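The structure under discussion appears below in the form of structure tokens.
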């Protein structure tokens with residue numbers, strides 16, 4: 001069963017899903033050893049651990065997919081959801097990001113609706129994209145092979 005199918009099964013079981021945030025293979029293994037059945041890779045934690053930078057859009061599409069690949073390899077069979085920021089560009093970039101994360105082994109992704117450059121979710125000054133732009137990204141993901 002794929003990670004996405006396992007994640008769907010967990011969601012359909014009812015009740016809350018608690019996914020701890022991880023940023024590398026070791027933190028993923030520790031979370032699984034602590035009893036968690038699914039994980040989330042946060043953009044902030046990956047930007048901070050890999051680059052020593054805040055979550056202001058410094059992390060690239062390739063860096064987050066590389067982190068996802070390493071984490072998924074460290075915990076085979078465990079559903080991993082990845083923070084994909086805004087998809088790293090327009091609708092085509094968002095679809096490419098989804099493909100990269102799927103190939104890395106991710107069970108799902110979080111796609112933000114902020115303008116670029118994005119800001120940390122807990123900081124003031126965030127602006128969202130027009131609904132038409134957001135829908136274009138979602139439609140591109142739906143058409144993804």
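Points worth noting:
- Restricting the range 73-86 to residues that are in contact with a helix residue (DSSP H, G or I) (Cβ under 6 Å, 6 or more places away or on another chain) and at pLDDT 95 or above, the residue that is surrounded by the most Cβ atoms within 10 Å (Cβ to Cβ) is 82.
- Subset of the range 1-33 (residues that are in contact with a helix residue (DSSP H, G or I) (Cβ under 6 Å, 6 or more places away or on another chain) and in a helix (DSSP H, G or I)): 25, 28, 29
- When residue 51 is tested against (1) in contact with a helix residue (DSSP H, G or I) (Cβ under 9 Å, 6 or more places away or on another chain); (2) touching a residue at least 40 places away in the same chain (Cβ under 8 Å); (3) loosely packed, with under 15 Cβ neighbours inside 10 Å, just one condition goes unmet, and that condition is (2).
Conditions (1) surrounded by fewer than 22 Cβ atoms within 10 Å (Cβ to Cβ); (2) touching a residue at least 24 places away in the same chain (Cβ under 8 Å); (3) at negative phi; (4) in contact with a strand residue (DSSP E or B) (Cβ under 8 Å, 6 or more places away or on another chain), marked per residue:
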site: 67; (1), (2), (3), (4): no, yes, yes, yes
site: 71; (1), (2), (3), (4): no, yes, yes, yes
site: 91; (1), (2), (3), (4): yes, yes, yes, no
site: 99; (1), (2), (3), (4): yes, yes, yes, no
site: 110; (1), (2), (3), (4): yes, yes, yes, yes
site: 114; (1), (2), (3), (4): yes, yes, yes, yes
site: 117; (1), (2), (3), (4): yes, yes, yes, no
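The values are calculated or read from the model by the stated rules, or taken from the named source; none is laboratory data. Note that this is a predicted model, so its numbers are computed, not measured. When we count neighbours, we look across all protein chains shown, and the Cβ atoms used for this are built from the backbone with ideal geometry, even at glycine.
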